[in-house]
Protein chains: 2
Amino acid sequence: MTESKRSVFFISDGTGLTVEAIGHSLLAQFHGEKVEQVTLPYIDSTDKVQRALERIERCAAESGLRPVMITSIVSDHIRQQLHRSSALMLDVFESYLTPLAKLFGRDPAQMVNVSHGIADDRRYSERIEAVHFAMDNDDGRRVREFEQADVILLGVSRCGKTPTCLYMALQFGLRAANYPITEEDMDSTALPRVLRPFHDKLFGLTIDPRRLMQIRQERRANSRYASLEQCEFEVRQVEQMLRRAQIPFLNATQLSVEELATRLMSQAGIERRFG
Amino acid sequence: MTESKRSVFFISDGTGLTVEAIGHSLLAQFHGEKVEQVTLPYIDSTDKVQRALERIERCAAESGLRPVMITSIVSDHIRQQLHRSSALMLDVFESYLTPLAKLFGRDPAQMVNVSHGIADDRRYSERIEAVHFAMDNDDGRRVREFEQADVILLGVSRCGKTPTCLYMALQFGLRAANYPITEEDMDSTALPRVLRPFHDKLFGLTIDPRRLMQIRQERRANSRYASLEQCEFEVRQVEQMLRRAQIPFLNATQLSVEELATRLMSQAGIERRFG
């Protein structure tokens, strides 16, 4: 017999992204528990709640374990309906709207789908522009737009520059460019000439050579590019370059894209454009 | 005298992304309130809490309004220190760890920085690969990798395909390609030949022609490309093409990137690779 997993449902009348984030934070504190995570977004009608309830009860019966629901439901009515479930229900609005309403001295609006909606057209356009900027200015493809960048990431190939730039664009509307330090740049540990006018926007990423090797092996197994010797050489040269030019940097080895983005913004004092 | 704004602090011992998301959901229910939002990430030491507290009290004194703190602090000790503030404090761990600990029958781990950390190397690599896949397969640049795609988005230029693909890659590890329907494809309303083998992976985005015009005007003002006539023509052709080929589609006009991604995944039954 396989061990039963406890079901954890993330239920929202919107995208479900917020309750997922809360759920992941909470579950991380109970590492090792066997759970089955299910996200049910856009639960915004009596019918949909009904189907969700049936699914939850089915999981409860099959596992013999009381499920958990982390929920974010604006409508009192739908929330009450969910409460009929046998699961442990933790609802963000239920927990926090009352104290906030008291503080603001007014009732909440009960408006669904506002948190991840399009706040305004300007913000939407800024975000799209930022994404296209990050794509156009990826991998040193162009440098003539560096003037307009909020930040320019430097580092060896495959240390995490591209996803970090795209994340900053999507999440914070930042114009993030990146420039790979290639072997040609490594003849000396001086900063490549093309980057010098933008010294204040530069931020470095470095990485443990063994981890870099692992990542590169997946891409081009047994190549010189992916050899430990090459990875060690490149990382050493880039770190020297960054130190010599007094460019702040972070080690990406243990950091997720979210952590890299928020840490580097915090360290370099880069203000988000929105978010 | 300008009207005072109430300060709302999002405070976390990690990235702050989760408390920001919660805060945005909650504040959206009190639309119209004048608030000043401040995120303080990585508040993980007595010193940092002390500086945060000083800042909060300064805001309280200047505005004459009690601040709000939406917090996510794993350490009991640091949480207690924050409680000394005069602000209204709503802490996710405080609210939810106790009921969960009771359910799981064990104490929480009090581990910081686990929710947005690198869960495992495999997940990290999948995510990076997904991002590079989305970039390489953007804008119909290549089609030879469509075989490996989880989803292929179709639509006119600047309807939101690129940011949606990148978001799905970053957030869910999906391999999302996109293909712009250009004027050459519009001679007929038949699906471009190159897409036909991938019918099951196709998903359309459409958009209100006036909104499309607005977006394109910002890019190339007064061009034929950005004219209302051209936008109307392209949208009409593409919608006919999608209907004729029985490809599901969404109207992107009122939807954020998060909403587009989660709705299309839900509609097309696309399972995330992680997240």
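The values are calculated or read from the model by the stated rules, or taken from the named source; none is laboratory data. Since we're looking at a predicted model, the values are computed, not measured. Neighbour counts are summed over all protein chains in view; Cβ atoms, including those assigned to glycine, are modelled from backbone coordinates with ideal geometry.
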Identify the residue in region A:146-184 that is basic (Lys, Arg) and under 17 Å from the mean Cα position of the chain (by Cα) and, among all such residues, is farthest from the other protein chains (Cβ to nearest Cβ).
-> A:ARG175
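Residue-wise test of (1) acidic (Asp, Glu); (2) closer than 30 Å to B:ALA101 by Cβ; (3) in contact with a strand residue (DSSP E or B) (Cβ under 6 Å, 6 or more places away or on another chain).
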{"position": "A:GLN80", "(1), (2), (3)": "no, yes, no"}
{"position": "A:ALA87", "(1), (2), (3)": "no, yes, yes"}
{"position": "A:ASP136", "(1), (2), (3)": "yes, no, no"}
{"position": "A:GLN148", "(1), (2), (3)": "no, no, no"}
{"position": "A:LEU153", "(1), (2), (3)": "no, no, yes"}
{"position": "A:PHE172", "(1), (2), (3)": "no, no, no"}
{"position": "A:TYR179", "(1), (2), (3)": "no, no, yes"}
Collect the residues in region B:21-66 that are in contact (Cβ under 8 Å) with a residue 40 or more places away in the chain and within 20 Å of A:GLU94 (Cα to Cα), keeping them in residue-number order.
-> B:ILE22, B:GLY23, B:LEU26
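Within 13 Å of chain B (Cβ to nearest Cβ), hydrophobic (A, V, I, L, M, F, W, C) and closer than 20 Å to A:SER4 by Cβ: does that describe A:ALA101?
On the way: within 13 Å of chain B (Cβ to nearest Cβ): yes; hydrophobic (A, V, I, L, M, F, W, C): yes; closer than 20 Å to A:SER4 by Cβ: no.
Judged against the criteria, A:ALA101 is not a match.
Is it the case that some residue within region A:214-226 is small (Gly, Ala, Ser), at negative phi and in contact with a helix residue (DSSP H, G or I) (Cβ under 7 Å, 6 or more places away or on another chain)?
Just the residues of region A:214-226 that are small (Gly, Ala, Ser), to begin with: A:221, A:223, A:226.
From what is left, the residues that are at negative phi are A:221, A:223, A:226.
Cutting the leftovers down to in contact with a helix residue (DSSP H, G or I) (Cβ under 7 Å, 6 or more places away or on another chain) gives us A:226.
Yes, region A:214-226 contains a residue that is small (Gly, Ala, Ser), at negative phi and in contact with a helix residue (DSSP H, G or I) (Cβ under 7 Å, 6 or more places away or on another chain).
Against the definition (outside the structural domain of A:PRO163 (by TED's automatic domain parsing), crowded, with 17+ Cβ neighbours inside 10 Å and over 30 Å from B:ILE215 (Cβ atoms)), how does A:VAL92 come out, yes or no?
Numbers: outside the structural domain of A:PRO163 (by TED's automatic domain parsing): yes; crowded, with 17+ Cβ neighbours inside 10 Å: yes; over 30 Å from B:ILE215 (Cβ atoms): yes.
Taking the combined requirement at face value, the residue satisfies it.
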Which of the residues belonging to region B:128-156 are at pLDDT below 90 and in contact with a Ser or Thr (Cβ under 9 Å, 6 or more places away or on another chain)?
-> B:ILE128, B:ASP139, B:GLY140
Looking at (1) over 20 Å from the mean Cα position of the chain (by Cα); (2) closer than 24 Å to B:ARG142 by Cβ; (3) of a type in the set (Phe, Trp, Tyr), find the lone condition where B:PHE233 falls short.
-> (2)
Does region A:105-121 contain any residue that is among the hydroxyl-bearing types (Ser, Thr, Tyr), within 30 Å of B:ALA101 (Cα to Cα) and at pLDDT 95 or above?
-> no
Of (1) under 24 Å from B:ARG263 (Cα atoms); (2) outside any loop (DSSP other than H, G, I, E, B), A:LEU97 satisfies every one except (1)
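Matching residues to (1) of a type outside the set (Asp, Glu); (2) out of contact with any helix residue (DSSP H, G or I) (no Cβ under 8 Å at 6 or more places or on another chain):
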| residue | (1), (2) |
| --- | --- |
| A:GLY32 | yes, yes |
| A:TYR42 | yes, no |
| A:ASP47 | no, yes |
| A:GLY64 | yes, yes |
| A:VAL68 | yes, no |
| A:VAL74 | yes, no |
| A:GLN81 | yes, no |
| A:ARG84 | yes, no |
Expected output for region A:210-231 (first residue without any contact (Cβ under 8 Å) to a residue 12 or more places away in the chain and in the same structural domain as A:GLU183 (by TED's automatic domain parsing), partner assigned to a loop (DSSP other than H, G, I, E, B) and crowded, with 18+ Cβ neighbours inside 10 Å, Cβ below 8 Å, 6+ apart or cross-chain) is A:GLN217/A:ALA226; A:ARG220/A:ALA226
Residues A:LEU88, A:LEU82, A:LEU53: which one is more than 10 Å from chain B (Cβ to nearest Cβ) and touching a Lys or Arg at 6+ places or on another chain (Cβ under 8 Å)?
-> A:LEU53
Inspect all residues belonging to region B:114-132 and state whether any of them is in contact with a His (Cβ under 7 Å, 6 or more places away or on another chain), part of a strand (DSSP E or B) and at the interface with chain A (Cβ under 10 Å from one of its Cβ atoms).
-> no
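A quick yes/no check of all residues on (1) loosely packed, with under 13 Cβ neighbours inside 10 Å; (2) out of contact with any His (no Cβ under 8 Å at 6 or more places or on another chain); (3) away from every other protein chain (no Cβ under 14 Å):
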| site | (1), (2), (3) |
| --- | --- |
| B:MET186 | no, yes, yes |
| B:GLY204 | no, yes, yes |
| B:ASP208 | no, yes, no |
| B:MET213 | no, yes, no |
| B:ARG220 | yes, yes, no |
| B:SER223 | yes, yes, yes |
| B:GLN230 | no, yes, yes |
| B:GLU234 | no, yes, yes |
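Restricting to region A:64-77, and then to whatever is small (Gly, Ala, Ser) and assigned to a loop (DSSP other than H, G, I, E, B), can you tell me which residue is nearest to the other protein chains (Cβ to nearest Cβ)? Talk me through it step by step, then tell me what you get.
Within region A:64-77, the first condition is being small (Gly, Ala, Ser), and the residues that meet it are A:64, A:72, A:75.
With assigned to a loop (DSSP other than H, G, I, E, B) added as a condition, the list becomes A:64, A:75.
Values: A:GLY64: 14, A:SER75: 11 Å.
Once the filter is applied, the top-ranked residue is A:SER75.
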Among the residues of region B:238-255, write down those that are closer than 13 Å to B:ASP208 by Cα and of a type in the set (S, T, N, Q).
-> B:ASN251, B:THR253, B:GLN254
In region B:176-191, is there at least one residue being more than 22 Å from B:ARG244 (Cα to Cα), assigned by TED's automatic domain parsing to the domain that holds B:VAL238 and out of contact with any Lys or Arg (no Cβ under 6 Å at 6 or more places or on another chain)?
-> yes
For the subset of region B:1-20 comprising residues that are of a type in the set (Ser, Thr, Tyr) and touching a residue at least 60 places away in the same chain (Cβ under 8 Å), which member is nearest to B:PRO67 (Cα to Cα)?
-> B:SER7
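For every residue, the table says whether it meets (1) within 13 Å of chain B (Cβ to nearest Cβ); (2) crowded, with 23+ Cβ neighbours inside 10 Å; (3) part of a loop (DSSP other than H, G, I, E, B); (4) of a type outside the set (A, V, I, L, M, F, W, C).
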position: A:SER7; (1), (2), (3), (4): yes, no, no, yes
position: A:GLY23; (1), (2), (3), (4): yes, yes, no, yes
position: A:GLY32; (1), (2), (3), (4): yes, no, yes, yes
position: A:THR39; (1), (2), (3), (4): yes, no, no, yes
position: A:TYR42; (1), (2), (3), (4): yes, no, yes, yes
position: A:GLU57; (1), (2), (3), (4): no, no, no, yes
position: A:GLU62; (1), (2), (3), (4): no, no, no, yes
